[in-house]
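Beneath this line is the structure, given in structure tokens, with notes to follow.
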Amino acid sequence: MNAQREKLRMMLTSAIFAAIIGILAQVTIPLPLVPITGQTLAVGLAATILGSKYGALSALLYMLLGAVGVPVFSGMSGGMGIIVGPTGGFIVSFIISAFVIGWYIEATKATVTHAFIANVIGMFINLFMGTAWLKVAASLSWPEAFAAGFLPFLIGGVIKALLSAWLGIEIRKRLASARLLPYSSSKRTA
């Protein structure tokens with residue numbers, strides 16, 4: 001029974017993080033093709049705190065909510081048109097990015113340094129996938145796609161990776177000490 005309760009708690013926590021991703025998506029700095037948003041910060045937090053499985057579940061739930069029309073994407077938008085449009089690759093990549101961030105932290109130690117490295121790796125996954133998708137969806141050349149979907153996000157991405165690492169590890173430690181995270185998610189917390 002304990003394992004079932006723990007699984008339910010983590011699934012509910014994943015749903016809460018999907019909502020957090022949707023809320024931070026509304027924090028935007030508009031750019032011509034792809035806005036700077038708080039989504040990647042929230043995805044990094046979800047993965048750093050919840051680990052690979054539940055961090056990726058949060059990102060998947062977020063994407064599915066938006067795909068069915070709930071206005072959780074940037075600018076209070078939603079629908080499949082966003083997923084298949086120029087910014088869709090960034091959204092789809094959140095799932096892979098969250099999984100990799102969580103996996104890296106689980107495979108090493110839950111320290112700010114390792115979480116920062118994991119979040120930077122996740123940032124590059126997001127930027128590479130999003131830029132490739134942008135190139136195809138917007139019929140851009142590689143240099144145009146790189147200039148619109150990659151370069152403008154590097155500095156902010158590193159800052160968000162640092163924030164995700166620092167805040168994520170602090171929150172993770174507190175949740176683990178309050179026994180709100182399962183032992184397996186927090187056993188490597190240092």
Q) Is any helix in the chain, taking whole DSSP H runs, at least 24 angstrom long along its axis by alpha carbon and on average at least -0.5 on the Kyte-Doolittle scale, and which ones? A) 2-24, 39-67, 88-107, 112-137, 154-177
Q | Amide proton proximity set for residue 36, modelled H, under 5 Å, gap of 5+ | A | 29, 31
Q. Rounded to the nearest 0.05, what FRET efficiency is calculated for residue 19 and residue 144 with R0 set to 22 Å and r the Cβ-Cβ distance?
A. 0.05
Q. In debye to the nearest 20, how big a dipole does the chain give about its Cα centre with +1 on each Lys and Arg Cβ and -1 on each Asp and Glu Cβ?
A. 740 debye
(Q) Please compute the contact order of the chain in relative form: average sequence separation of alpha-carbon pairs under 8 Å and at least six residues apart, divided by the residue count, as a percent. (A) 23 percent
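If you average 1/r over every pair of different alpha-carbon atoms in the stretch 55-165 and take one over that average, what Kirkwood value in Å do you get?
Values: mean 1/r = 0.0694 Å⁻¹.
Result for the stretch 55-165, one decimal place: 14.4 Å.
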(Q) Would the stretch 116-160 count as rounded, prolate or oblate if I go by the C-alpha gyration tensor, calling it rounded below 1.5 in a/c and otherwise prolate when a/b exceeds b/c, oblate otherwise? (A) prolate
Q.
Need one number: nm distance between label points at residue 151 and residue 178, each 7 Å from Cα along Cα→Cβ, rounded to one decimal.
A. 4.4 nm
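As a test of the formula, what do you get for the chain when each DSSP H run with n ≥ 4 contributes -39,500 (n - 2.57) and the sum is divided by the residue count, at 222 nm and rounded to the nearest 500 deg cm²/dmol?
-24500 deg cm²/dmol
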Q.
Quick check for the chain: number of Lys pairs with alpha-carbon distance under 15 Å, counting only pairs 8 or more apart or on different chains?
A. 4
**Q.** Length-normalised contact order of the stretch 44-118 in % [C-alpha pairs under 8 Å, at least 6 apart]
**A.** 36 percent
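Using only the Cα atoms, what convex hull volume per residue in Å³ does the chain have?
Spelled out: Cα convex hull of the chain, divided by residues, is 96 Å³.
Here, each number is a calculation from the coordinates, and none is a lab measurement. Keep in mind the model is a prediction, meaning the values are calculated, not measured. Please note: Cβ atoms are built from the backbone with ideal geometry, for glycine as well, and neighbour counts cover all protein chains shown.
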